[in-house]
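A quick write-up on the structure given underneath.
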Amino acid sequence: MNVVLTGFMGTGKTAIGRELSKILNMKIVDIDDEIERSREMKISDIFENFGEAFFREIETETIKKFSRADNIIISTGGGAVLRQENMDALRENGTVFCLNASPRTILDRTSGNDDRPLLKAEDPMARIEELLSLRRPFYERAGINIDTEDKTPLQVAREIVEILKCRK
Ligand code: S3P
């Protein structure tokens, strides 16, 4: 079984995934990193040169590829939940978690990084709130929801480990 981390940008998927990887001694695959590696391009350049629709196609292809692996941690990009076929592939052989955080925390965690094309806006806070409200139904039904607010990545990782133990 895989462990899958989904959730909006800045909810801690990468940092929490790394902690989980250490605790569970499982390899972590970050879907965005895999896309960047296979295309030899930054995510923001893929968006800029080929558009979001093209990015979503490669994202699905990459998710399907790694969903066939076993016993890995898969950290997806924040928009992966939007496509049913992504979620079907991830769920087939994985326990899916969805990480949550408030818009303020998301803004704080993402503001130092300019590789998030969807947050390049005049008013990033308004953009976050807009995207979150559009996506909320998708995140709510994506998997086991975990609140990351005011918690360290290690604390959240431990919480996830406890949940996984109960499900065995
Ligand atoms: C996206 C989230 C990003 C990346 C791309 C699109 C989104 O990943 O996949 O910029 O649609 O929410 P992170 O959630 O890892 O930032």
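The values are calculated or read from the model by the stated rules, or taken from the named source; none is laboratory data. All of these numbers come straight from a predicted model, not from anything done at the bench. Note: ideal-geometry Cβ built from the backbone for every residue, glycine included; neighbour counts use all protein chains shown. Side chains are part of the model used for accessible areas, which takes the heavy atoms of the whole protein and leaves out ligands, DNA and RNA. Shrake-Rupley method; radii C 1.70, N 1.55, O 1.52, S 1.80 Å.
Worth a mention:
- When residues in the range 1-44 are screened for being within 15 Å of the ligand (Cβ to nearest atom) and assigned to a loop (DSSP other than H, G, I, E, B), 7 of them pass.
- Test: residue in the range 145-168 that is modelled with pLDDT of 95 or more, assigned to a strand (DSSP E or B) and either hydrophobic (A, V, I, L, M, F, W, C) or over 26 Å from GLU52 (Cβ atoms) (or both): yes
- Filter result for ARG136 (surrounded by fewer than 13 Cβ atoms within 10 Å (Cβ to Cβ), farther than 16 Å from ARG18 by Cβ and modelled with pLDDT of 95 or more): yes
- Condition broken by ALA101, with the remaining ones in (1) within 14 Å of the chain's Cα centre (by Cα); (2) under 18 Å from LYS65 (Cβ atoms) satisfied: (2)
- Taking the range 108-133 as the range and being open to solvent by 40 Å² or more (accessible area, probe 1.4 Å) and assigned to a helix (DSSP H, G or I) as the test, the residues that pass are ASP108, ARG109, PRO124, MET125, ALA126, ARG127, GLU129, GLU130, SER133.
- Breaking point among (1) within 14 Å of the chain's Cα centre (by Cα); (2) hydrophobic (A, V, I, L, M, F, W, C); (3) more than 14 Å from the ligand (Cβ to nearest atom), for ILE72: (1)
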